[in-house]
Amino acid sequence: MVDAPLDVLLIGGGLANGLIAWRLRQTRPELRILLVERGATLGGNHTWSYYHPDLTPAQHAWLAPLVAHRWPGYEVRFPAHRRRLSTPCYSISADRFHQVLQPALGDAVLLGAIVDEVSATGARINGAWQPAGLVIDGRGHAASPHMRYAWQKFVGREVLLRQPHGQALPVIMDATVSQDDGYRFVYTLPLDERRILVEDTYYSGAPALDEAALRRRIDDYIAARGWQVERVEREESGVLPIALSGDIERFWRDKPAQLACSGLRAGLFHATTGYSLPFAVRLADEIAALPALSEAGDCIRARSVAQWRGQLFMRLLNRMLFFASAPAQRYRLLQRFYGLPQARIERFYAARLTWADKLRILSGKPPVPLGAAFMAMANIERGTSSKPS
């Protein structure tokens with residue numbers, strides 16, 4: 001522990017805080033920072049993926065050392081069609097995240113830490129109070145009575161196969177599987193010729209995750225592909241919020257006074273995919289460029305409010321997905337979406353849709369009953385008593 005006040009204290013060594021710490025070390029090495037993580041490694045046990053249009057060339061450049069895998073495109077598979085897109089995509093593993101950040105940050109990392117109290121002026125870490133000029137709480141999603149969510153939940157298994165799998169590109173959605181517990185798809189990332197990550201994923205109204213059942217379904221999927229597993233090398237799971245509606249001002253008013261947050265805890269994620277990496281990269285750049293770190297709390301809140309308001313259309317689409325169609329038929333909305341031009345799909349994932357994009361996505365005959373679609377679209381943005389199924 002550092003006895004004197006720090007310039008920056010980051011609570012939680014996940015994606016957002018890790019990127020902030022690393023970017024500050026790259027651009028402002030004179031700052032005294034500490035990144036605190038309760039686990040034994042930074043980044044936990046996750047895989048983060050993103051697409052080339054999500055980031056600027058400069059952001060790609062500084063993030064590059066963290067990238068474990070790159071592909072020149074990806075595939076999607078639905079009952080009515082299959083498609084290959086030429087959008088480059090990337091993956092960051094938790095192992096690579098830790099291997100790069102730990103030596104880069106050195107003694108600015110504290111692992112295995114117990115944090116009992118966090119405020120805007122410091123935190124109690126391993127029983128001792130550590131003051132800091134800026135504290136950023138990045139300990140993951142926190143429930144709020146002012147937000148209504150559905151959930152993207154998954155179990156993933158990285159397996160080593162006995163023979164090459166023969167899959168050159170990621171398949172980010174294979175929705176040809178049986179539709180259970182909402183919209184279901186399998187996500188596969190080929191890591192080398194015999195290693196592949198297989199994730200069973202659900203867009204569901206409930207966050208409960210039956211990991212044993214999903215493991216069995218992953219085994220069934222692998223068998224159906226004709227693959228034979230030599231061994232399971234690792235496993236990951238997660239439950240990500242999918243925003244339906246809410247009140248962003250009240251969301252922030254309920255947080256401890258003046259305490260800055262990051263990542264999911266700040267509501268900085270894609271409303272439909274639940275992914276947070278592009279938002280974390282943009283936030284790290286913005287904080288590193290601030291003339292005074294005392295402005296960071298206001299900067300983060302302003303970014304959070306702006307992105308929430310900017311994703312109103314995404315939340316409308318989410319309500320259509322969860323309220324306008326039966327769970328077993330939800331795949332039809334994504335099946336139709338993946339018939340759109342590639343550039344439009346890229347702007348959707350980057351959360352940079354134009355008005356023309358929005359009109360085109362809603363135009364034509366929707367693959368859901370029109371009455372239900374209009375009711376979902378009219379659903380009150382600040383939330384109702386109804387719950388997604």
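The values are calculated or read from the model by the stated rules, or taken from the named source; none is laboratory data. Bear in mind that the values here come from a model prediction, so they are computed numbers and not experimental data. Note: ideal-geometry Cβ built from the backbone for every residue, glycine included; neighbour counts use all protein chains shown.
Scanning region 196-208 for residues that are over 25 Å from Ala68 (Cβ atoms) and surrounded by 13 or more Cβ atoms within 10 Å (Cβ to Cβ) turns up Tyr202, Tyr203, Ser204, Gly205, Ala206, Pro207. Taking the conditions exactly as written (among the small types (Gly, Ala, Ser) and more than 16 Å from Gln167 (Cβ to Cβ)), does Ala212 satisfy them or not? In short, yes.
Taken over region 26-38, the criterion of being within 17 Å of Ile92 (Cβ to Cβ) and surrounded by fewer than 23 Cβ atoms within 10 Å (Cβ to Cβ) is satisfied by Gln26 alone.
The residues on offer are Leu244, Leu259, and the sole one that is over 21 Å from Arg157 (Cα atoms) and surrounded by 21 or more Cβ atoms within 10 Å (Cβ to Cβ) is Leu244.
Considering the conditions (1) part of a helix (DSSP H, G or I); (2) surrounded by fewer than 21 Cβ atoms within 10 Å (Cβ to Cβ), Gly112 is excluded by exactly one of them, (1).
The residue pairs whose first member lies in region 284-309 and is free of Cβ contacts under 8 Å to residues at least 24 places away in the same chain, whose second member is outside any helix (DSSP H, G or I), and whose beta carbons are closer than 8 Å, counting only pairs six or more residues apart or on different chains, are Cys299/Leu290. Among the candidates Leu134, Leu63, the residue that is within 25 Å of Glu235 (Cα to Cα), of a type outside the set (S, T, N, Q) and in contact with a strand residue (DSSP E or B) (Cβ under 9 Å, 6 or more places away or on another chain) is uniquely Leu63. Among the residues making up region 85-109, those that are in contact with a strand residue (DSSP E or B) (Cβ under 7 Å, 6 or more places away or on another chain) and either part of a strand (DSSP E or B) or acidic (Asp, Glu) (or both) are Leu85, Cys89, Tyr90, Ser91, Ile92, Ser93, Val109. Whether any residue in region 137-156 is assigned to a strand (DSSP E or B), more than 30 Å from Phe322 (Cβ to Cβ) and modelled with pLDDT of 95 or more is what I want to check. No: region 137-156 contains no residue that is assigned to a strand (DSSP E or B), more than 30 Å from Phe322 (Cβ to Cβ) and modelled with pLDDT of 95 or more.
So that you can scan it fast, the table gives a plain yes or no per residue for (1) at pLDDT 95 or above; (2) within 18 Å of the chain's Cα centre (by Cα); (3) among the acidic types (Asp, Glu):
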position: Leu259; (1), (2), (3): no, no, no
position: Gly274; (1), (2), (3): no, yes, no
position: Ala288; (1), (2), (3): yes, no, no
position: Ser325; (1), (2), (3): no, no, no
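Among the residues of region 54-70, are any touching a residue at least 60 places away in the same chain (Cβ under 8 Å), crowded, with 17+ Cβ neighbours inside 10 Å and of a type in the set (Phe, Trp, Tyr)? No, because not a single residue in region 54-70 is touching a residue at least 60 places away in the same chain (Cβ under 8 Å), crowded, with 17+ Cβ neighbours inside 10 Å and of a type in the set (Phe, Trp, Tyr).
Might you let me know whether region 136-147 holds any residue that is farther than 23 Å from Leu268 by Cα and of a type in the set (A, V, I, L, M)? No, region 136-147 contains no residue that is farther than 23 Å from Leu268 by Cα and of a type in the set (A, V, I, L, M).
When the criteria are applied in full, Ile11 fails the requirement of being aliphatic (A, V, I, L, M), touching a residue at least 40 places away in the same chain (Cβ under 8 Å) and farther than 21 Å from Gly238 by Cα. Residue pairs whose Cβ atoms lie under 6 Å apart, separated by 6 or more positions or on different chains, with the first residue in region 315-327 and closer than 12 Å to Tyr183 by Cβ and the second at pLDDT 90 or above and small (Gly, Ala, Ser), are Phe322/Ala150. Here region 71-109 is the region considered, the condition is being closer than 28 Å to Glu346 by Cα and small (Gly, Ala, Ser), and the residue that is surrounded by the fewest Cβ atoms within 10 Å (Cβ to Cβ) is Ser86. The condition of being crowded, with 21+ Cβ neighbours inside 10 Å, within 19 Å of the chain's Cα centre (by Cα) and touching a residue at least 40 places away in the same chain (Cβ under 8 Å) does not hold for Val239.
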